[in-house]
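Step one of this worksheet: look at the structure below.
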Amino acid sequence: MTNWRAVLVGFGVEVVVGIFAFAIPVIGHAAAGFLGGVVAGYMADGGLGRGAWHGLLAGALGGIVLALLFGLVVTLVGSVGLGPVGGLLGAGAVVVGLFVALALAIDSAIGGVVGALVA
């Protein structure tokens with residue numbers, strides 16, 4: 001059974017650390033996902049598979065939220081300057097963002113395994 005409290009706390013850690021991660025763009029965001037996964041895996045209080053699952057969910061949730069926000073911003077900015085083409089750019093940005101979110105969720109799953117090992 002999924003411990004949604006662990007997932008949401010891990011997601012919160014990713015968001016907070018992710019805000020500071022803009023100082024080191026790529027490495028910082030990967031570290032934010034990893035740390036969120038560690039927290040989620042630790043709080044899940046189970047085996048390695050359970051830690052990986054909770055870390056993956058925390059990372060995926062964060063990635064999906066960021067992809068949707070990025071798509072919304074691209075759509076709004078693009079529609080001002082490009083008209084209806086801006087909406088297509090926003091939809092494309094969401095699709096690309098979802099693939100990036102999946103890739104970043106993997107490091108959260110690895111962090112979840114580490115958190116489960118620590119627990």
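Kindly indicate whether Ala21 is over 15 Å from Gly111 (Cα atoms) and among the small types (Gly, Ala, Ser). Yes: the conditions hold for Ala21. Between residues in region 103-119 that are over 13 Å from Tyr42 (Cβ atoms) and residues that are assigned to a helix (DSSP H, G or I) and hydrophobic (A, V, I, L, M, F, W, C), which pairs lie under 6 Å by C-beta distance while being six or more apart or on different chains? Listed pairs, sorted by first residue: Ala105/Leu56; Ala105/Ala60; Asp107/Ala30; Asp107/Phe34; Ala109/Ala52; Ala109/Leu56.
Scanning region 78-88 turns up no residue that is modelled with pLDDT of 80 or more and in contact with a helix residue (DSSP H, G or I) (Cβ under 9 Å, 6 or more places away or on another chain).
Being at pLDDT below 90 and either buried (at least 18 other Cβ atoms within 10 Å of the Cβ) or out of contact with any Lys or Arg (no Cβ under 9 Å at 6 or more places or on another chain) (or both) narrows it down to one of Ala21, Ala44, so name that one. It would help to see each step written out before you state the result.
Working: Ala44 fails: at pLDDT below 90.
Every option except Ala21 fails the conditions.
Among the residues of region 47-60, which ones are in contact with a Leu (Cβ under 9 Å, 6 or more places away or on another chain) and surrounded by 22 or more Cβ atoms within 10 Å (Cβ to Cβ)? So that I can check it myself, show each step before the final result.
Filtering region 47-60 for residues in contact with a Leu (Cβ under 9 Å, 6 or more places away or on another chain) gives 48, 51, 58-60.
Correct list: Gly51, Ala58, Gly59.
Count of region 18-48 residues, restricted to those that are out of contact with any Phe, Trp or Tyr (no Cβ under 9 Å at 6 or more places or on another chain) and either free of Cβ contacts under 8 Å to residues at least 40 places away in the same chain or charged (D, E, K, R) (or both), is 11.
The values are calculated or read from the model by the stated rules, or taken from the named source; none is laboratory data. As the structure is a computational prediction, the values presented were derived from the model and not from experiment. All Cβ positions, glycine included, derive from the backbone under ideal geometry; neighbour counts span all protein chains shown.
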